[in-house]
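See structure below.
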Amino acid sequence: MTLEKYQRLSDDELYKKISRLKEERDAVFLVHNYQVLPVQRLADFIGDSLALAQAAVKVQVGTIVFCGVHFMAESAKLLNPGKQVLLPDRGAGCPMADMVTPEALRQARKRYNNPIVVTYVNSSAAVKAESDICCTSSNAVEIINSLPSDREILFVPDKNLGSYVAKMTGRKLILWPGYCYVHNRFTVQDIINAREEHPGATVIVHPECPPEVIERADMAASTSGMVQALKEHAEISEWVIGTEDGLVEQLSAANPQKGIYPLAVNAVCRNMKMITLAKAAWALENQKYEITVPDQVATKARLALERMLEVSGRK
Ligand code: 13P
Ligand code: SF4
């Protein structure tokens, strides 16, 4: 069936088709917290980048349909290379991941004094292959703390996460000038406005936000860290959420009795939103788009990811 035909079906019809196809194709759905709610409902497993990487390692069935962006699907393929990994829209990339190339990273390594290169998972496999160890937003502090204190560290590509981690660990990091276009747009004025509108609310933001925004928030956490914070602090009834809309929707749906407010309107990752129910169904039927990584790159990139999992655990 063509994608156009799938796009004419209702959500109920798509869920039925997908459930039949999942059995036929022996597939599971790994879904990131920023997906639209109808796609989140497909999840066999939903989480942040670290949790999804850990879940990918454990998949036993033949096919992973990854509802997220390209680097996440690529990490799943690197960590469980025997599985077929599908990304329902091949245009679903992460612009921050494109802010560093393997060549630019090789040049930078030469400019500094043999630094340890710590690369945020929001990067291509080719960049991971030029790196010593990876990190995610939820384990970056732990990863930096695990490194020898007498070596320089080059942190790639998110300058905001890098500066947050530098502050939390007291380490001086060389920061790559990359950023996330969704989180980098949050401002101090957004925090001031949110506190005026919701004076009793706790403000929690993603560490991809600018340092001055994190500074004025009450907490910073990865997307799954935010889900966890709401569970752990049942006594807090109002939250302002400084991250992408998909997670705000998830938290609102899961906590109808709480006040859940976005830090700013329109914090939307257009790349995450490229995945739809219709594309997920079509991708599963037509085995699109299969993620592949050349062996030479995969071997080195896998090492950087495996080192990360050695430090932060495989769960
Ligand atoms: P998390 O790992 O916190 O889910 O973040 C991924 C991401 O792309 C944030 O923009
Ligand atoms: Fe990349 Fe930002 Fe989208 Fe996350 S929210 S996938 S960092 S562009």
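The values are calculated or read from the model by the stated rules, or taken from the named source; none is laboratory data. This one's a predicted model, so the numbers in the text were calculated from it and none came from an experiment. Quick reminder, even Gly has a Cβ in these numbers, built from the backbone with ideal geometry, and neighbours come from all protein chains shown.
Out of contact with any His (no Cβ under 6 Å at 6 or more places or on another chain), modelled with pLDDT of 95 or more, crowded, with 18+ Cβ neighbours inside 10 Å and farther than 30 Å from Glu4 by Cβ, is that true of Leu251? Please lay out each step first, then the result.
Working: out of contact with any His (no Cβ under 6 Å at 6 or more places or on another chain): yes; modelled with pLDDT of 95 or more: yes; crowded, with 18+ Cβ neighbours inside 10 Å: yes; farther than 30 Å from Glu4 by Cβ: yes.
Answer is yes for this residue.
With the condition being in contact with an Asp or Glu (Cβ under 7 Å, 6 or more places away or on another chain) and buried (at least 17 other Cβ atoms within 10 Å of the Cβ), I'd like the strands (runs of 3 or more DSSP E) fully within the range 83-185 carrying at least 1 qualifying residues. Spell out how you get there, then give the answer.
Working: elements: 84-86, 116-120, 133-135, 153-156, 173-175.
Once the strands (runs of 3 or more DSSP E) in the range 83-185 are filtered for at least 1 residues that are in contact with an Asp or Glu (Cβ under 7 Å, 6 or more places away or on another chain) and buried (at least 17 other Cβ atoms within 10 Å of the Cβ), what remains is 84-86, 116-120, 173-175.
Would you check if Lys288 is over 20 Å from Pro207 (Cα atoms) and assigned to a helix (DSSP H, G or I)?
On the way: over 20 Å from Pro207 (Cα atoms): yes; assigned to a helix (DSSP H, G or I): no.
So Lys288 does not fit the description; no.
Which is closer than 29 Å to Thr243 by Cα, part of a helix (DSSP H, G or I) and not β-branched (Val, Ile, Thr), of Tyr15, Tyr6, Tyr34?
On the way: Tyr6 fails: closer than 29 Å to Thr243 by Cα; Tyr34 fails: part of a helix (DSSP H, G or I).
Going through Tyr15, Tyr6, Tyr34 in turn, just one is closer than 29 Å to Thr243 by Cα, part of a helix (DSSP H, G or I) and not β-branched (Val, Ile, Thr): Tyr15.
If you go through the range 188-215, how many residues are surrounded by fewer than 17 Cβ atoms within 10 Å (Cβ to Cβ), over 18 Å from Ala229 (Cα atoms) and touching an Asp or Glu at 6+ places or on another chain (Cβ under 8 Å)?
The number of residues fulfilling the criteria is 2.
Can you give me the ranges of the helices (runs of 4 or more DSSP H) entirely in the range 186-277 with at least 1 residues that are closer than 30 Å to Tyr289 by Cβ?
On the way: elements: 188-197, 211-216, 223-232, 245-254.
Hits in the range 186-277: 223-232, 245-254.
Go through the range 243-295 and give me each residue that's touching a Gly at 6+ places or on another chain (Cβ under 8 Å) and under 22 Å from Arg25 (Cα atoms).
Across the range 243-295, the qualifying residue is only Ile275.
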